[in-house]
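Heads up, the thing below is written out as structure tokens.
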Amino acid sequence: MKLGTLLRTGLLLLSLSACRTTNLLVATFEGDAIGTAPTKDLPGAPVGDSVAYKAIISPWLRVQTSTFTPGQKALVFTNMNSRGEVRVFDSWLNFKGIRSTYDQTTWFYWTAKLGPVVGEMTIDVQGIQSLWVTRFRIMTDGRLMLVRDVGNENTSQLIGTLNNQTAHTIIISLSPQARTFDLSVFGARERRIINLTNMPVLFGSNPQADYEFERPSIHFSYSGQFIYQSSYVFEDVFISKRRPNP
């Protein structure tokens, strides 16, 4: 509980202090009404960042009072329909930053918590100029897997195991010109901080969806076996040109 609160507070303060010049996306859900789906056009700076989702999954998305950061809000993403009822292309929750340059490191990070019921989830991180940075999978037992080869996901690498009792923060730093990224995971069961460095990006466009590749973005979708009422709770989501300092 304390780790999640400290991480969220530190990241939020840092991001807000630099929002006019370095932030590409700030999603904290503080301006949204409790019990509603999140606003698609995010308020405040930067101008032009957004949360995108199809109307069919709007009932899956609800802003609520945070359960581990007093006085704050959170976004709950709940799987309420089987895959046969919602097409794969329509099931993505997308956080899209504003357009940016190609010559600087870009940081993608979010703080979240697994719900009481955990469903398999796919997470895609997209850079700019068609860079597909990486793909993760969260498994039903909380394992966080890094997909190394989209054509053969049996080669996925175990990063750590997330705990539905505490928050976790995932940070990806993309070096676009080097086409590599670093990964840090805070709050895994195995140890407090997990770090991977100089990981190669996944090249080419995403075969599962048509995104605006000029905009750095993070995408979440339930995958695998349908598990009713599985949920993932976002405290906040950021994309920035400034290194976070949790």
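Observations, loosely collected:
- Protection-proxy order for peptides 145-158, 54-67, each taking the mean of Cβ atoms within 10 Å per residue, highest first: 54-67, 145-158
- Net charge, Thr105 excluded, C-beta distance under 12 Å - Lys, Arg +1, Asp, Glu -1: +1
- With both labels modelled 7 Å from their Cα along Cα-to-Cβ, the Val47 to Thr140 distance reads 4.8 nm.
- Packing, taken as the mean count of other beta carbons within 10 Å per residue, orders the peptides 228-240, 164-176, 191-203 from highest to lowest as 228-240, 164-176, 191-203.
- Most tightly packed first, judged by the mean number of other beta-carbon atoms within 10 Å of their residues, the peptides 36-42, 22-28 read 22-28, 36-42.
Since every read-out is calculated from the coordinates, none of them should be taken as a lab result. Predicted model only: the values in this text are computed from it and were never measured. Using ideal geometry, Cβ is built from the backbone for each residue, glycine included, and neighbour counts are taken over all protein chains shown.
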